[in-house]
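The values are calculated or read from the model by the stated rules, or taken from the named source; none is laboratory data. Fair warning: this is a prediction, and the values are worked out from it, not measured in the lab. When we count neighbours, we look across all protein chains shown, and the Cβ atoms used for this are built from the backbone with ideal geometry, even at glycine. Remember, those area values only see protein heavy atoms, side chains included, never the ligands or the DNA or RNA. Shrake-Rupley method; radii C 1.70, N 1.55, O 1.52, S 1.80 Å.
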Amino acid sequence: MRPRALAVLVPAHNEEALLPGALDAIRTAARHPALRRVRVLTVVTADTCSDGTVAAALRAGAQTVRIASGSVGVARAVAAERALEILNGPAGVWFASTDADSTVPPRWLAFQYARAVEGWDAVVGTVDVKRWPQPVPGLAARHQLEYTATRPARGPWHHPHVHGANLGVRADAYTTVGGFPPVRVSEDHALVDALDATGHRVLRTADCPVATSGRLTPRARGGFGDHLAGLALEDSPTL
């Protein structure tokens, strides 16, 4: 598949502080020379926002949808639906999912585009925690040790992680398996499980990680942020 368009999906809940940085990084990635002839569309779903998230998304030129669901699964699915409306269906479209508290590297979209051209149906990437706003002694080292426990000394790492902050999928494969389910957490895991179960080609790779926040008061309860908070509690009884 050689995508005609890349649609970047960004769910956001009260992210006026971090969303501008996330969208700046997406714009930089969209200007990669490998994407000169490819349309890049960014859709932000502002879910139950009471701050300046919507204004930040509009200032950045992103397509913006307002909802009140309190479900990251619904938010990602709504972004995908809006993208398909604008792009006239899934044919030749690749979804690239990230988060409002994350910053993608400059080659992120070009990397996903290249994997699509190679014939992969989905790309499941890793994250690097770059910001620890509430320092806890030993937390970064503990997280890194646990996160990379299965990484081999040599060769590619077909890691076990799934992050909505670094996930790509062919739009037709996405629609075939029903898309992101309307759940409050782990919608990314559910999508990847469905792709695996239906025989789609899923690449798990650590070659193009996305920088994400290490905040311990996450927007989506039960997700990656809560996992980090649990590690922090193990390391610091006074947290």
Looking at the structure I just gave you, is T126 within 17 Å of V10 (Cα to Cα), touching a strand residue (DSSP E or B) at 6+ places or on another chain (Cβ under 9 Å) and in contact (Cβ under 8 Å) with a residue 40 or more places away in the chain?
yes
How many residues does region 191-213 hold that are of a type in the set (G, A, S) and under 14 Å from R115 (Cβ atoms)?
1
Going by what's in this entry, would A7 be described as in a helix (DSSP H, G or I) and open to solvent by less than 10 Å² (accessible area, probe 1.4 Å)?
no
Tell me which residues, restricted to region 109-137, are over 15 Å from V202 (Cα atoms) and either in contact with a Pro (Cβ under 9 Å, 6 or more places away or on another chain) or modelled with pLDDT under 95 (or both).
A110, V127, D128, V129, K130, R131, W132, P133, Q134, P135, V136, P137
Is it the case that region 202-215 has a residue that's touching a helix residue (DSSP H, G or I) at 6+ places or on another chain (Cβ under 9 Å), touching a residue at least 40 places away in the same chain (Cβ under 8 Å) and under 20 Å from E81 (Cβ atoms)?
no
Search result, residues across region 23-41 that are open to solvent by 20 Å² or more (accessible area, probe 1.4 Å) and assigned to a strand (DSSP E or B)
R39, V40
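One line per residue, one yes/no per condition, for (1) under 28 Å from D128 (Cβ atoms); (2) touching a His at 6+ places or on another chain (Cβ under 7 Å); (3) modelled with pLDDT under 95:
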{"site": "I67", "(1), (2), (3)": "no, no, no"}
{"site": "G73", "(1), (2), (3)": "yes, no, no"}
{"site": "V78", "(1), (2), (3)": "yes, no, no"}
{"site": "R82", "(1), (2), (3)": "no, no, no"}
{"site": "L87", "(1), (2), (3)": "no, no, no"}
{"site": "D101", "(1), (2), (3)": "yes, no, yes"}
{"site": "V104", "(1), (2), (3)": "yes, no, no"}
Would you mention how many residues in region 137-173 are in contact (Cβ under 8 Å) with a residue 40 or more places away in the chain and among the small types (G, A, S)?
7
Applying the selection to region 42-80, what residues are farther than 21 Å from L6 by Cα and in a strand (DSSP E or B)?
D47, R66, I67
A30 passes all but one of (1) more than 19 Å from T205 (Cβ to Cβ); (2) without any contact (Cβ under 8 Å) to a residue 12 or more places away in the chain; which number fails?
(2)
